[in-house]
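Undergrad: After the structure tokens below, expect a handful of questions from me.
The values are calculated or read from the model by the stated rules, or taken from the named source; none is laboratory data. Note that the structure is a prediction, hence the values are computed from the model and not measured. FYI the Cβ positions are ideal-geometry reconstructions off the backbone, even for glycines, and counts take in every protein chain you see. Keep in mind that these areas ignore ligands, DNA and RNA; they rest on the heavy atoms of the full protein, side chains included. Shrake-Rupley method; radii C 1.70, N 1.55, O 1.52, S 1.80 Å.
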Amino acid sequence: MSTPHETPGTHGHGNGHRIGSLLAIVLTVIPFWLVMSGSPLSPAWTAAVIFAFAIVQIIVHVAFFLHLDTRSEGGWTLLAFLFTAVIVILTIGGSIWVMYHLNLNMMPMPDMGAGH
């Protein structure tokens, strides 16, 4: 536990914040460059790369700025965070799955493509 009189760098948080900041900047600049430079990758691959960088950036923020690990509060903080992440992933994934299948199974309209 830190006391109110300790400086931010006392327990290594200052170094961790610097490393976390540099990683966050790099993980933002690379996808930005990919999009702005006209990536040679297909749009689907570009989106996949950006998504992968976003996942890594979430992990960097959780580890370096929120300090969630197995040691904090006996691991309960990390467990609560992981439970929340699973619920969010299930909700978003389930919503996308339902919308995809609804779109796939929609009845075609009789005037579709008639040019009216």
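Undergrad: Quick one: count up the residues across segment 99-112 that are open to solvent by 70 Å² or more (accessible area, probe 1.4 Å) and part of a helix (DSSP H, G or I).
TA: The total comes to 5.
Undergrad: Please pick out the residue among GLY74, GLY94, GLY115, GLY9 that is in a helix (DSSP H, G or I), modelled with pLDDT under 85 and not polar (S, T, N, Q).
TA: GLY74 is the lone residue from the list that is in a helix (DSSP H, G or I), modelled with pLDDT under 85 and not polar (S, T, N, Q).
Undergrad: With ALA85, ALA47, ALA54, ALA63 as the choices, which residue is touching a residue at least 40 places away in the same chain (Cβ under 8 Å) and either open to solvent by 80 Å² or more (accessible area, probe 1.4 Å) or out of contact with any Phe, Trp or Tyr (no Cβ under 9 Å at 6 or more places or on another chain) (or both)?
TA: Criteria check complete, one pass: ALA63.
Undergrad: Now, a different point. Evaluate the following for ALA54: is it under 17 Å from the mean Cα position of the chain (by Cα) and at pLDDT below 90?
TA: It is false that ALA54 is under 17 Å from the mean Cα position of the chain (by Cα) and at pLDDT below 90.
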